[in-house]
Amino acid sequence: MTLTVYGMRSSGNCWKVEQILSLRRIHYDWIETDATAGATRTADFLKINPNGKVPAVKLVDSTILTESNAILTHFAEETSWMPPPGVARSRVMEWLFFEQYSHEPYVAVARNIMHLRGDADRQQERLAQCRAGGEHAFRVMSGRLATHPWLTDSGPTIADISLFAYSQVADQGGFDVAAFAGVASWVARFAALPGINPLR
Ligand SMILES: N[C@@H](CCC(=O)N[C@@H](CS)C(=O)NCC(=O)O)C(=O)O
């Protein structure tokens with residue numbers, strides 16, 4: 001059996017999965033699941049992920065994994081993309097949780113409203129909240145990245161993959177990443193790494 005990825009090509013969360021599998025040269029089947037058209041809320045898909053979201057992967061033994069950063073962690077085990085247990089790994093986890101709580105809910109949601117759904121006019125208030133939250137996240141990242149090449153001291157890790165996912169397309173949500181010098185230079189540096197295939 002082949003690994004199966006349920007994903008949406010335009011999604012940064014799903015891009016994380018494509019990227020780690022590509023880096024690992026793991027072959028997979030892709031089942032396009034268009035969240036914007038309701039495909040993540042069908043009875044069949046809810047059996048795969050009761051939370052109604054992509055990405056989800058079905059491993060060769062039929063085990064299903066959901067949550068993009070958990071999937072990244074699974075496929076990064078015993079590679080340079082994930083340091084061994086200890087403080088170095090905990091630093092990576094700090095950024096993975098930061099991504100889900102302080103970055104993605106603002107940067108990805110703004111892109112979803114403006115770029116994927118074209119709904120900016122009707123969602124001005126929500127967009128303003130996304131703008132404030134996303135800019136705060138970029139300031140935090142820039143604080144680190146102004147003086148360090150990568151998010152942790154372990155070289156490029158899944159922390160960088162995870163936060164690159166929506167930072168690379170932040171302009172589609174109305175963010176000016178150039179205003180955060182550390183982030184802007186890190187985006188360019190990460191995109192230039194061998195084997196990285198940016199979302200566009
Ligand atoms: N925390 C989840 C978020 C996944 C997520 O929000 N997926 C979106 C597409 S990017 C989705 O499937 N939305 C469909 C919905 O909520 O109905 C992850 O990191 O995998």
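Calculated from DSSP H runs of 4 or more alone, at -39500 (n - 2.57) each and per residue, what is the 222 nm mean residue ellipticity of the chain, nearest 500? Numbers along the way, then the final one.
Details: 8 runs with 91 residues, N = 200.
Calculated from helices alone, the mean residue ellipticity at 222 nm is -14000 deg cm²/dmol.
With every protein chain present, what is the per residue accessible area of the range 41-101 (1.4 Å probe, Å²)? All intermediate terms of the calculation are to be shown ahead of the outcome.
Working: 3480 Å² over 61 residues.
Per residue, the range 41-101 has an accessible area of 57 Å².
Roughly how many Å² is the accessible area per residue of the range 115-177, as a whole number, for a 1.4 Å probe?
Computed with neighbouring chains in place, this is 45 Å² per residue.
What does the charge count around Glu78 come to, taking other residues whose C-beta lies under 15 Å from its C-beta (Lys +1, Arg +1, Asp -1, Glu -1)?
That sum, taken over residues with Cβ under 15 Å, equals +2.
Modelled label-to-label distance, Asn51 and His74, 7 Å Cα→beta-carbon offset: nm?
1.2
How many angstrom lie between the C-alpha centres of the range 1-36 and the range 55-92?
The distance from the Cα centre of the range 1-36 to that of the range 55-92 comes to 14 Å.
Pick from Thr157, Thr33, Thr63: which residue has the top mean-square fluctuation in a GNM of the chain where Cα pairs under 10 Å get a spring?
Thr63
Work out how much length Asp153 to Arg126 would gain on full extension: take 0.36 nm times their residue separation and subtract the Cα-Cα distance, in nm to one decimal. Working shown, then result.
Numbers: separation 27, 0.36 × 27 = 9.72 nm, distance 3.51 nm.
Net length gain for the segment: 6.2 nm.
Provide the FRET efficiency to the nearest 0.05 for the Ile31-Val60 pair, computing r from the beta carbons and using R0 = 22 Å. The partial results should precede the final answer.
Values: r = 15 Å, r/R0 = 0.69.
The pair Ile31/Val60 has a calculated efficiency of 0.90.
For the range 30-91, rounded, prolate or oblate, judged on the Cα gyration tensor with a ≥ b ≥ c (square roots of eigenvalues), a/c < 1.5 rounded, else prolate if a/b > b/c?
prolate
List the residues, sorted by chain then number, that are 5 or more residues from Asp119 or on another chain and whose placed amide H is less than 5 Å from its amide H.
Excluding prolines and chain starts, which carry no amide H, the hits are Met114.
Relative to the compact-globule scaling 2.2 N^0.38 Å, provide the ratio for the alpha-carbon radius of gyration of the chain.
Values: Rg = 16.6 Å, N = 200, 2.2 N^0.38 = 16.5 Å.
So the Cα radius of gyration is 1.01 times the expected 2.2 N^0.38 Å.
Of the residues Ala159, Ala37, Ala181, which exhibits the maximal mean-square fluctuation in a Gaussian network model of the chain defined by a 10 Å Cα contact cut-off?
The residue that fluctuates most here is Ala37.
Taking only C-alpha pairs under 8 Å that are 6+ residues apart, what is the relative contact order of the chain in percent? Show your work: numbers first, answer last.
Numbers: 279 pairs, mean separation 44.1, N = 200.
The value is 22 percent.
Using Cα springs under 10 Å in a Gaussian network model of the chain, which residue among Pro149, Pro84, Pro55 shows the largest mean-square fluctuation?
Judging by the Gaussian network model, the answer is Pro84.
The values are calculated or read from the model by the stated rules, or taken from the named source; none is laboratory data. These numbers were taken from a predicted model, which means no experiment stands behind them. Cβ atoms come from the backbone with ideal geometry, glycine included; neighbour counts cover every protein chain shown. Side chains are part of the model used for accessible areas, which takes the heavy atoms of the whole protein and leaves out ligands, DNA and RNA. Shrake-Rupley method; radii C 1.70, N 1.55, O 1.52, S 1.80 Å.
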